[in-house]
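K.L.:
First the structure, then my questions, so here it is.
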Amino acid sequence: MKRTTALVLGLSVVAGGAVAGPSARAAGTPTEEAVFSRGGPAGSTSQVLGRDFYASAPDGSRRELMGAGIGANATVSPDGTRVAYALTTSEDQRQQTVYVADLSGRNRRVLARTGAGETGVNAIDWSPDGQRLLVSVDAPVTSGSPARPGVFVAYADGSAPTPVPHSEGLSQAAFVPTDPARIVAGGLGGVVTARIGEAPVLVPGSVLPVYGAGLDVSPDGAWVAYNRTRQVGAAYVADVIVQRLDGAEPRSLPVDNAMMPAWSLDGRSVYVLRNPRGDASGSDVYRVPVDGGAPVQVTDTPGSWETGPLSVAQRPTAGLAPAAVTATVNGTRPTLAWSNATSPEWARTEVYRALGRIPTAWGQRVYSGTGTSVTDTVELGQAYTYSLVGFDASGAQRGVVRVRLDAVLPPALKVPVVSSSASATRGVPIELAAGQDVVGNFDYEVQYTFAASREMRGEWQPWLSSYGGLSAVFGPKQPIVPRLGTSYVFRARTVDQFGNVSAWVEGGPLAMTFDEASADFSRGWRKVAAKNRWLATAHTTSTAGRSVSFKGTGAVLRVVGDRCAKCGRLAVYLDGRRVATVDTHSATLKTRQVLWSSPRLAFKGHDVRLVALATPGRPQTWIDGFVAGI
């Protein structure tokens, strides 16, 4: 029930036994679970610190544990209720403090601190009764200095730790479950065993790896599982070896690039952390039958690293914690929703809020009652951890679940009403955080659809996912080539770093402008090519009486063109009736302007006819496009 500080390494792949896919779950002991940390890409800070702390049953069901935080060597007690871990708390990064706490993170107690000359904890192991812990430290022996113990016994009640005699140079120590006065460790060039207080003895035939990568004793106390690394060309390959503590029956399990072995509670399998490709693509938890059966994948998280230490513990029985918890981000007013326990023993749910993603306490209570949601008030840009706790009628805590969220804003979409007002091409900019003071860690998810009218829309289509920008260009080719004359509607939501989302926020409609070439021009108009006009062309005339007619289906009709110093007036006819006289004069040139817009009309086909009036002294009329919007 022990583990090490070593992380899963990207070792080169050497052919091993066949591995079953994640759909072929191991039967295992239904109430046991493998406990591990999860980090980011290989070599990243998040991988080294072990960002998250999880427990996964053999069937792949997983729950997040919060007690260990970023502590190293986190290992759960045999009854599955407490966690012990080491944490760097001083300015000297080599010195660490060993804590024990509830899985909820409460009732934390200091058990031991490493001393001068010790470079940190390399393993923690619980005794079978959960009262003592073996703490292995890196205490290198230097010339001229006395040897230092490498293993201490710490006590769960906080009593002063005691050194294990003759443990100089030992590491990764573990209790023998059937004989807690006996330990197994790495040392003397292999695996050693000793009664506490006696000199260690090498297990015959054992050879420790180049990298210290894990050691564990079987529940019956007869077997040891450990890593042995061997060099193949320029690469090192990690094998998992199981053998009896008397040295008999050594064999290599049929799994390659696997480290940190941990025995299942029934002793028939060994859990390992495996990176099957030996690259930076991530690692997962596998369960390997010791009888030679095929390894079975337990977790499946592409792109992330399940990291050590790896331990196996009893899964606690179900309590009264809320279920189906969701968090909706909404700036300073996030909302949590949940389902209360259905047991008749359940009395109420309480919700606590703590600042930070890895708090050491529950924090401030923000809700108590029998409801199923709460809207909180927080500070924008901060990360918070909420603890949702179930209580029975006696007031006893009977289960806790945690959720983390970032106080980030929902999107603020700014969608142009007319495409030509924002762009000369079919690529139209859409703002996602218009007018916002953007803070926090989040991405956007954006979708679009076409709108035939205000009442008729198509299905929402994906556009952007995990998008970190504050604006994006719709078109000219991605996600589609927008169709002229079509109106599009958009929606976006914020996704924080923990996967929580905001409500969808809609924007639009965006009406794609028809090119002016879609209209019927009378004689006397001249077509002009210009990059700053809609789709790079426009039509102009300086002759009075020249006209252009456009037919479009919509509820709002618009005319697009230039305003300039030489531009004059034009008459607008709608469905055969003159409805406006528009003056297009401007002291400076302004292209792609909406020159006229109709009131809201019945959604049907309409005719728009323009007649140039050739105002004396400024006779020009420039037409660049037409809009038939919803």
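The values are calculated or read from the model by the stated rules, or taken from the named source; none is laboratory data. Computed from a prediction, not measured in an experiment: that's the story for all the values here. FYI the Cβ positions are ideal-geometry reconstructions off the backbone, even for glycines, and counts take in every protein chain you see. SASA here: full protein model, heavy atoms, side chains in, ligands and nucleic acids out. Shrake-Rupley method; radii C 1.70, N 1.55, O 1.52, S 1.80 Å.
K.L.:
So which residues in segment 503-539 are of a type in the set (D, E, K, R) and open to solvent by 40 Å² or more (accessible area, probe 1.4 Å), if there are any at all?
P.N.:
Selection gives Glu506, Asp520, Arg523, Arg526, Lys527, Lys531.
K.L.:
Being surrounded by 15 or more Cβ atoms within 10 Å (Cβ to Cβ) and closer than 30 Å to Ala536 by Cα is true for just one of Pro411, Pro416. Which residue is that?
P.N.:
Pro416
K.L.:
May I pose another question? For segment 485-502, enumerate the residues that are open to solvent by less than 30 Å² (accessible area, probe 1.4 Å), part of a strand (DSSP E or B) and within 21 Å of Ser423 (Cα to Cα).
P.N.:
Residues satisfying the conditions are Ser487, Tyr488, Val489, Phe490.
K.L.:
Moving on. Take the residues of segment 381-400 that are hydrophobic (A, V, I, L, M, F, W, C) and in contact (Cβ under 8 Å) with a residue 24 or more places away in the chain: which is nearest to Val351 (Cα to Cα)?
P.N.:
The selected residue is Leu388.
K.L.:
Every residue in segment 226-259 that is of a type in the set (Val, Ile, Thr), more than 19 Å from Gly293 (Cα to Cα) and surrounded by 18 or more Cβ atoms within 10 Å (Cβ to Cβ), please.
P.N.:
Within segment 226-259, Thr229, Val237 qualify.
K.L.:
Of the residues Gly303, Gly308, which is modelled with pLDDT under 65, open to solvent by 30 Å² or more (accessible area, probe 1.4 Å) and more than 25 Å from Asp392 (Cβ to Cβ)?
P.N.:
Criteria check complete, one pass: Gly303.
K.L.:
Suppose the filter is closer than 23 Å to Ala424 by Cβ, open to solvent by less than 10 Å² (accessible area, probe 1.4 Å) and modelled with pLDDT under 95; does Gly625 pass it?
P.N.:
no
So that you can scan it fast, the table gives a plain yes or no per residue for (1) among the β-branched types (Val, Ile, Thr); (2) at pLDDT below 90:
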site: Arg182; (1), (2): no, no
site: Val210; (1), (2): yes, yes
site: Pro219; (1), (2): no, no
site: Asp239; (1), (2): no, yes
site: Gln243; (1), (2): no, no
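K.L.:
Going through Gly214, Gly197, Gly186, Gly190 one at a time, which residue ends up being loosely packed, with under 14 Cβ neighbours inside 10 Å and modelled with pLDDT under 90?
P.N.:
Gly197
K.L.:
Here's something else I'd like to know. Could you give me the residue pairs with C-beta distances under 6 Å whose first residue belongs to segment 176-201 and is aliphatic (A, V, I, L, M), whose second residue is in a loop (DSSP other than H, G, I, E, B) and open to solvent by less than 40 Å² (accessible area, probe 1.4 Å) wherever it lies, and which are 6+ apart or on separate chains?
P.N.:
Close Cβ pairs (under 6 Å, with a partner that is in a loop (DSSP other than H, G, I, E, B) and open to solvent by less than 40 Å² (accessible area, probe 1.4 Å)) amount to Val176/Gly221; Ala185/Leu170; Val191/Val203; Val191/Ser206; Val192/Pro200; Ala194/Pro200; Ile196/Val164.
K.L.:
With Thr584, Thr615 as the choices, which residue is farther than 26 Å from Leu535 by Cα, of a type in the set (Ser, Thr, Tyr), buried (at least 17 other Cβ atoms within 10 Å of the Cβ) and touching a Gly at 6+ places or on another chain (Cβ under 8 Å)?
P.N.:
Thr615
K.L.:
So how many residues does segment 169-182 have that are among the aliphatic types (A, V, I, L, M) and open to solvent by less than 10 Å² (accessible area, probe 1.4 Å)? Working first, answer last.
P.N.:
Of all residues in segment 169-182, those among the aliphatic types (A, V, I, L, M) come to 170, 173-174, 176, 181.
This time we only want the ones that are open to solvent by less than 10 Å² (accessible area, probe 1.4 Å), so: 173-174, 176.
Selection size over segment 169-182: 3.
K.L.:
Identify, please: which residue in segment 608-630 is more than 53 Å from the chain's Cα centre (by Cα) and part of a strand (DSSP E or B) and is, among those, farthest from Thr553 (Cα to Cα)? Before the answer, list the steps.
P.N.:
Start the filter on segment 608-630 by keeping residues that are more than 53 Å from the chain's Cα centre (by Cα), which leaves 609-621.
Adding the requirement that they be part of a strand (DSSP E or B) leaves 609-612, 615, 618, 620-621.
On the way: Arg609: 14, Leu610: 17, Val611: 21, Ala612: 24, Thr615: 31, Arg618: 33, Gln620: 28, Thr621: 25 Å.
The residue in question is Arg618.
K.L.:
Mind listing whichever residues of segment 332-350 are surrounded by 20 or more Cβ atoms within 10 Å (Cβ to Cβ), closer than 18 Å to Phe498 by Cβ and among the aliphatic types (A, V, I, L, M)?
P.N.:
Leu336
K.L.:
Within segment 467-478, count every residue that is surrounded by 15 or more Cβ atoms within 10 Å (Cβ to Cβ) and farther than 12 Å from Thr425 by Cα.
P.N.:
Count: 2.
K.L.:
Here is a further query. Quick one: in segment 428-460, of everything that is within 23 Å of the chain's Cα centre (by Cα) and assigned to a strand (DSSP E or B), which residue is farthest from Gly507 (Cα to Cα)?
P.N.:
Among residues in segment 428-460 that are within 23 Å of the chain's Cα centre (by Cα) and assigned to a strand (DSSP E or B), the one farthest from Gly507 (Cα to Cα) is Phe442.
K.L.:
Criterion first (out of contact with any Lys or Arg (no Cβ under 9 Å at 6 or more places or on another chain), part of a strand (DSSP E or B) and modelled with pLDDT under 85) does Arg398 satisfy it?
P.N.:
yes
K.L.:
Does Ile630 meet the test of being under 27 Å from Tyr488 (Cα atoms) and modelled with pLDDT under 95?
P.N.:
yes
K.L.:
Which residue pairs have Cβ atoms closer than 6 Å, lie 6 or more positions apart in sequence or on different chains, and pair a first residue in segment 545-556 that is within 7 Å of His606 (Cα to Cα) with a second residue that is not in a loop (DSSP other than H, G, I, E, B)?
P.N.:
Lys551/Asp607; Gly552/Ala628; Thr553/Gly605; Thr553/Ala628
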